[in-house]
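The values are calculated or read from the model by the stated rules, or taken from the named source; none is laboratory data. Since the structure is predicted, the reported quantities are computational estimates derived from the model, not experimental observations. Counting neighbours? That spans all protein chains shown, and the Cβs are built from the backbone with ideal geometry, glycine included. The accessibility values were calculated without ligands, DNA or RNA, using every heavy atom of the protein model including side chains. Shrake-Rupley method; radii C 1.70, N 1.55, O 1.52, S 1.80 Å.
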Amino acid sequence: DAGVEVITDGPWEKDCINLNRRFFTFHSKKRPYIILKWAASSDNYIAPLNQKGMAERIKISSGATDRLVHKWRSQEAAIMVGTNTALLDNPALTNRLYSGPSPIRLVLDQQLRLPPTAAVIAPPAKTILFNEVKSGQEQDGRLSFEKIDFGKDILPQVLDSCYSLGIQSILVEGGAILLQSFVDQNLWDECRIIIGTALKLNGGLPQPDLHQARLIQTKCLGQDKISYFAPPNG
């Protein structure tokens, strides 16, 4: 329309689609682009059994990898965790170690059990709580409530809400049940797994099963190994 010739067919087409994969996924699949991420020990556990909170939290990744993860956060529209992760780890889910914005924080909190002091709802980043109690906004619009039916399949409802809100991408950081649900329902586009090669837990909570996912590449950052996966048919 502007008199500029645009050639779409050619050897560059695949790279162009990949460069804009969040945009194309959002509009073609009517849902955000989903990136799964977790860290695991060298023997494939993401946490010890019966972890009771931050006092017992075991650090898996290195400081350099932490900065990379915060870079990832700056690149996505939203970040998501389940209730248990928000309660046990009390994560802020903000970008503090890299330049750029913090993502919108999405939390599954069925009965709104998160205390008002929870780091995940602290300013300045925005937070959306998916629950079955109420809808609306508080704290000058920074804290929002999206009511869904927890008696039905949760993830399609959450992704429909995110689509309606214009959220084009989500970095899913936990916990294990939530991550496995995305995998089992084939609602993911990338997975990034950080393995702390120097740490062995000798038991604990196993990392999620990606089934027949395709390994795209593996990189090393200090003693951490970072593997990137795509869905089997992606």
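Taken over region 7-23, the residue count meeting the criterion of being surrounded by 10 or more Cβ atoms within 10 Å (Cβ to Cβ), of a type in the set (D, E, K, R) and more than 20 Å from Ile35 (Cβ to Cβ) is 1.
Of the candidates Gly141, Gly174, the single residue that is within 30 Å of Pro116 (Cα to Cα), modelled with pLDDT under 95 and either touching an Asp or Glu at 6+ places or on another chain (Cβ under 6 Å) or crowded, with 19+ Cβ neighbours inside 10 Å (or both) is Gly174. Among the residues of region 215-234, just one is of a type in the set (D, E, K, R) and either surrounded by fewer than 13 Cβ atoms within 10 Å (Cβ to Cβ) or in a loop (DSSP other than H, G, I, E, B) (or both), namely Lys219.
Listed here are the residues, each with its yes/no results for (1) touching a Gly at 6+ places or on another chain (Cβ under 6 Å); (2) surrounded by 13 or more Cβ atoms within 10 Å (Cβ to Cβ).
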| residue | (1), (2) |
| --- | --- |
| Lys71 | no, yes |
| Val81 | yes, yes |
| Thr85 | yes, yes |
| Leu88 | yes, yes |
| Asn95 | no, yes |
| Ile121 | no, yes |
| Pro124 | no, no |
| Val133 | no, no |
| Gln137 | no, no |
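Only one entry in Leu205, Leu201 is surrounded by 13 or more Cβ atoms within 10 Å (Cβ to Cβ), in contact with an Asp or Glu (Cβ under 8 Å, 6 or more places away or on another chain), under 22 Å from Ser62 (Cβ atoms) and at pLDDT below 95, namely Leu201. Do the conditions hold for Leu187, that is, is it out of contact with any Asp or Glu (no Cβ under 6 Å at 6 or more places or on another chain) and open to solvent by 20 Å² or more (accessible area, probe 1.4 Å)? For Leu187, the condition - out of contact with any Asp or Glu (no Cβ under 6 Å at 6 or more places or on another chain) and open to solvent by 20 Å² or more (accessible area, probe 1.4 Å) - is met.
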